[in-house]
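Below is one structure, written out as structure tokens, with a few remarks after it.
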Amino acid sequence: MDTSVYLLLRIAIGTSIFGHGLVRLPKLSAFSTWMVNGFEHSLLPKALVLPFSYALPIAEFLVGLLLIAGLFTRPALIIGAAMMIILILGTTLIENWEALPSQLIHVLFLTILLQFIQQNNWALDNIIKK
């Protein structure tokens, strides 16, 4: 993979994740209520869904920002993929099949970027290493 292709993919997936967090942060309480209500009839107890619903937008915002900047790229990719896998589990538990393709695509891009991390030349990680 070419380094400029890597850069564009990293920024694209980072922007998607960042945007999810960015639009949810100003309405964090409403987002949390929406998520808790969505899982009301699932196997997951409210005691797990509630804190996750508040942490998710913050995690999305931070992971996305790190990916856009190319800062702590490897950990951001791993955390982003783990976050998506947790979302996939939740999505399947409430049978929200429409959301599943988007989450799987995010995991695909995150893992491809992780596989080709040596192409991450245009990143703040490389400035910090010097």
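What to note about this one:
- Filter result for residue 4 (exposed (fewer than 13 other Cβ atoms within 10 Å of the Cβ), polar (S, T, N, Q) and either touching a strand residue (DSSP E or B) at 6+ places or on another chain (Cβ under 9 Å) or free of Cβ contacts under 8 Å to residues at least 24 places away in the same chain (or both)): no
- One residue alone among 76, 59, 82, 55 is hydrophobic (A, V, I, L, M, F, W, C), assigned to a helix (DSSP H, G or I), surrounded by fewer than 21 Cβ atoms within 10 Å (Cβ to Cβ) and touching a helix residue (DSSP H, G or I) at 6+ places or on another chain (Cβ under 7 Å), and that residue is 59.
- Residues located in the stretch 90-121, provided they are in contact (Cβ under 8 Å) with a residue 40 or more places away in the chain, among the aliphatic types (A, V, I, L, M) and assigned to a helix (DSSP H, G or I): 93, 110, 112, 113, 114, 117
- Hits in the stretch 3-39 (condition: among the polar types (S, T, N, Q) and farther than 16 Å from residue 105 by Cβ): 3, 4, 29, 32, 33, 37
Throughout, read-outs are computed from the coordinates displayed, never taken from laboratory work. Since this is a predicted model, take the numbers as computed values, not measurements. For neighbour counting, all protein chains shown are included, and Cβ atoms are generated from backbone atoms with ideal geometry for every residue, glycine included.
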